[in-house]
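Quick notes on the structure that follows.
The values are calculated or read from the model by the stated rules, or taken from the named source; none is laboratory data. Everything quoted here is computed from the prediction, not taken from an experiment. Please note: Cβ atoms are built from the backbone with ideal geometry, for glycine as well, and neighbour counts cover all protein chains shown. Ligands, DNA and RNA are excluded from the accessible area calculation, which covers all protein heavy atoms including side chains. Shrake-Rupley method; radii C 1.70, N 1.55, O 1.52, S 1.80 Å.
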Amino acid sequence: MVRPHPVDLEAYRRRVFSTIRRYRLVEMGDVIYVAVSGGKDSCAALALLKEYVEAFRVDAEIRAFHINLGFKTSAKVEEAVRALAERLGVPLHVVYAKDYLDIETAAKASGRPICSVCGAVKRYLMNKVPRELGATKVATGHHAHDLLAYYFKNLAGRNFQWNFKILPKVEGRGLLLTKIRPLIYARPEENEEFCRARGLPVSAVCCEYGLCNAAHAEVYEMIRAARRRDPDFDLKLIGGIVDFNLRYGRDEAEEIRRCKICGEPASGDVCAVCKLRMRLSARLNTTPL
Ligand code: SF4
Ligand code: ZN
């Protein structure tokens, strides 16, 4: 396939490094856990954060953690993540989602789409696990197109407040860890090309459902169309959103409470994962699945 826009890996690397520096994503004394799914984006985030601290001799630790989702393909994905961590010389912590909730069974019991349950479990563990391991920040591989898709989805759904969280760094509070997004000004094809050029082991699928990006199809199509006239339109757009949020965003996010069952952050009395667990045990006690 001929790429409509050639990838300039040096410009990409410089752009990611300048994002890390400009928004102080890595600071002295940091212990940063990168959530590695096995895909190209989080793989690139891990490799570039590691390169950054080495290149600029920043006194910070970069570590990886991976959530084994407990699906058929999860063992293979975990294998790829283990190979990546070894290749980069990064300590890796693997957590098994099934120790907290069986995602597939919970999806059936609750009637919720598998990706919605999976997302709730990932959000829960991506905060809890690194925090308990002593992290100062958690990094993800979200790129510009992911965040543009999130922006338009929230706009269409009238969830305006959530869009204020589109930032390179979302400061933590209480039990919520600070989140950093070093690839916020990077494109998916750049991450892919970077991993390919470095020969990094990347898993082709995050799971057998393969739906992670399906909900983004319309926005990806819009971005492709806009870039035919202006190849940098995507980066200009995400840059405008970030600048707007930094200038006008107000910290009036909903009050963070503690789940009365597990003690993790929750918007109500009980967190999303404990609610799913409760529905699952209610269902198991009444109907065989
Ligand atoms: Fe989870 Fe993505 Fe698989 Fe959906 S497609 S179940 S969000 S890993
Ligand atoms: Zn809970």
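Things worth noting here:
- The shape of the range 75-135 can be summarised by an equivalent ellipsoid whose semi-axes, obtained from the alpha carbon gyration tensor, come to 26, 15, 8 Å from longest to shortest.
- Calculated accessible area for the chain comes out at 52 Å² per residue, all protein chains present (probe 1.4 Å; ligands, DNA, RNA ignored).
- Given Lys76/Lys179; Lys40/Lys128; Lys50/Lys260; Lys72/Lys275; Lys50/Lys108; Lys128/Lys236, the pairs whose alpha carbons are separated by over 32 Å: Lys50/Lys260; Lys50/Lys108; Lys128/Lys236
- Each Lys and Arg Cβ is given +1 and each Asp and Glu Cβ -1; about its Cα centre, the chain then shows a dipole of about 460 debye.
- FRET efficiency for Ala83 and Arg21, using Cβ-Cβ distance with R0 set to 25 Å, rounded to 0.05: 0.25
- Applying the criteria of a DSSP loop state and at most 15 other Cβ atoms within 10 Å to the chymotrypsin sites (Phe, Trp or Tyr not before Pro) of the range 31-90 yields Phe56.
- Helix axis angle, 40-55 relative to the chain longest principal axis, alpha carbon, degrees: 60 degrees
- A simple spin-label model places the labels of Met222 and Asp99 4.0 nm from each other, with each point 7 Å out along Cα-to-Cβ.
- Across the range 1-156, Cα pairs under 8 Å and at least six residues apart give a relative contact order of 27 percent.
- Spin-label zone in the range 173-206 - amide nitrogen under 18 Å from a point set 7 Å from the Cα of Phe56 along the C-beta vector: 179-186
- Kirkwood hydrodynamic radius of the chain, from the reciprocal of the average inverse Cα-Cα distance over all distinct pairs: 20.0 Å.
- Between helix 74-88 and the chain: long-axis angle, C-alpha atoms, 0 to 90°, nearest 10: 40 degrees
- Kirkwood hydrodynamic radius (C-alpha pairs) into Stokes-Einstein, the range 87-230, 20 °C and 1.002 mPa s, D in µm²/s: 122 µm²/s
- The range 181-289: relative contact order as a whole-number percent, Cα under 8 Å and 6+ apart: 12 percent
- Gap separating the Cα centres of the range 159-191 and the range 13-76, nearest whole Å: 13 Å
- Helix 233-248 axis versus longest C-alpha principal axis of the chain: approximately 70°, rounded to the nearest ten.
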